[in-house]
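Q: Sharing a structure, written as structure tokens. Questions coming.
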Amino acid sequence: CNLAGWWENDLGSKIQVFKVGNDGTFSGEYHTAVSSAKNPIQPSPVVGSQHLDEDGQNTFGFTVNWKKFSDSTAVFVGQCFNGDDGREVLHTSWLLREKVDSESDDWKATR
């Protein structure tokens with residue numbers, strides 16, 4: 001599974017992964033379909049790394065900096081699978097860190 005190309009999730013968010021280097025590093029853009037930010041959504045830069053395995057069911061991780069419209073950062077980790085129908089599918093988990101005004105508000109900053 002080479003991550004290069006467009007991927008879409010169940011909520012309609014899309015990521016475009018540009019070329020994956022020989023060492024597994026990549027960059028791209030994330031086009032989120034959902035946001036709690038007050039500013040209009042804009043494409044956001046992605047930086048990541050893919051573990052290149054021989055069986056093709058590789059693990060990967062990437063960071064999205066929402067700097068164009070929000071004071072938050074998200075990290076995703078996942079794995080690519082070859083589905084029963086032969087199509088590649090990504091399964092991911094994520095954490096989102098929002099900026100808060102004080103240390104006492106730290107408890108509500110990560111989803």
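Q: Give the residues of region 18-54 that are open to solvent by less than 60 Å² (accessible area, probe 1.4 Å), over 12 Å from residue 64 (Cα atoms), in contact with an Asp or Glu (Cβ under 9 Å, 6 or more places away or on another chain) and modelled with pLDDT of 90 or more, sorted by residue number.
A: 49
Q: Still on this structure, I have one more. If you go through region 76-86 one residue at a time, do you hit one that is modelled with pLDDT under 95, of a type in the set (D, E, K, R) and in contact with a strand residue (DSSP E or B) (Cβ under 7 Å, 6 or more places away or on another chain)?
A: No.
Q: Yes or no: residue 14 basic (Lys, Arg), modelled with pLDDT of 90 or more and surrounded by 14 or more Cβ atoms within 10 Å (Cβ to Cβ)?
A: Spelling it out, residue 14 is indeed basic (Lys, Arg), modelled with pLDDT of 90 or more and surrounded by 14 or more Cβ atoms within 10 Å (Cβ to Cβ).
Q: Within region 22-34, how many residues are in contact with a strand residue (DSSP E or B) (Cβ under 9 Å, 6 or more places away or on another chain) and either within 18 Å of residue 98 (Cβ to Cβ) or in a loop (DSSP other than H, G, I, E, B) (or both)?
A: Looking only at that region, the number is 5.
Q: Taking the options 101, 85, 53, name whichever one is among the acidic types (Asp, Glu), closer than 23 Å to residue 12 by Cβ and part of a loop (DSSP other than H, G, I, E, B).
A: Exactly one residue qualifies, and that residue is 85.
Q: Then there is this: Which one is most open to solvent (accessible area, probe 1.4 Å), of the residues in region 71-111 that are in contact (Cβ under 8 Å) with a residue 24 or more places away in the chain and among the charged types (D, E, K, R)?
A: 99
The values are calculated or read from the model by the stated rules, or taken from the named source; none is laboratory data. A quick note: this is a predicted structure, and the numbers were derived from the prediction, not measured. As a convention, Cβ positions derive from the backbone with ideal geometry for all residues, glycine included, and neighbour counts pool all protein chains shown. Please note that ligands, DNA and RNA were not included when accessible areas were found on the heavy atoms of the full protein model with its side chains. Shrake-Rupley method; radii C 1.70, N 1.55, O 1.52, S 1.80 Å.
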